[in-house]
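**Q** This is the structure I want to talk about, given as structure tokens.
The values are calculated or read from the model by the stated rules, or taken from the named source; none is laboratory data. Just so we're clear, the structure is a prediction, and the values are computed from it rather than from any experiment. Here the Cβ is made from the backbone with ideal geometry for all residues, glycine too, and neighbour counts use every protein chain on show. Each accessible area value is taken on the protein alone, full model and side chains, heavy atoms only, with ligands, DNA and RNA left out. Shrake-Rupley method; radii C 1.70, N 1.55, O 1.52, S 1.80 Å.
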Amino acid sequence: VGTDHTQGYGHEFFHYLTHDKGRHRQLTKFGTIKNPEGIRTIGEMPNLTAAMKRAGWSDRRVEKVIGANWLRVFKDVWGA
């Protein structure tokens, strides 16, 4: 689950993200960025886990989606 919400960032932030750092040409146009209703801010992320639980997902499956898979990959790669 990507939690890289961009709420509160202004034009300069998006200009930096969408332009080539070497030549300053525009690489992409994002258009309007609007996350799904109920998870539009980082503070609403618990709504996602609640929806997974209502759908009958096990605690372990929810944990994997929310971040346990990334932790496993980091451990496999770095041996931590």
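**Q** Contour minus end-to-end for Ile33 and Phe13, with contour as 0.36 nm per residue of separation and end-to-end as the Cα-Cα distance?
**A** 5.9 nm
**Q** In deg cm²/dmol and to the nearest 500, what is the mean residue ellipticity at 222 nm of the chain if only DSSP H runs of at least 4 residues count, each as -39500 (n - 2.57), divided by the residue total?
**A** About -11000 deg cm²/dmol.
**Q** Can you tell me the accessible area per residue over the chain, all protein chains present, probe 1.4 angstrom, in square angstrom? Working shown, then result.
**A** Working: 6720 Å² over 80 residues.
With the other protein chains kept in place, the chain gives 84 Å² per residue.
**Q** Follow-up. Extending each Cα 7 Å along its Cβ direction at Lys53 and Lys75, get the distance between those two points in nm, one decimal.
**A** For Lys53 paired with Lys75, the spin-label model returns 2.3 nm.
**Q** Evaluate the charge dipole of the chain about its Cα centre and quote only its size in Debye, nearest 20, assuming +1 on the Cβ of each Lys and Arg and -1 on the Cβ of each Asp and Glu.
**A** Magnitude of the dipole: close to 220 debye.
**Q** Out of all Cα-Cα pairs in the chain, roughly what percent, to the nearest whole number, are more than 18 Å apart?
**A** 61
**Q** Right, next: What's the carbon and sulfur percent of the chain's accessible surface, probe 1.4 angstrom, rounded to a whole number?
**A** Ligands and nucleic acids excluded, carbon and sulfur reach 55 percent.
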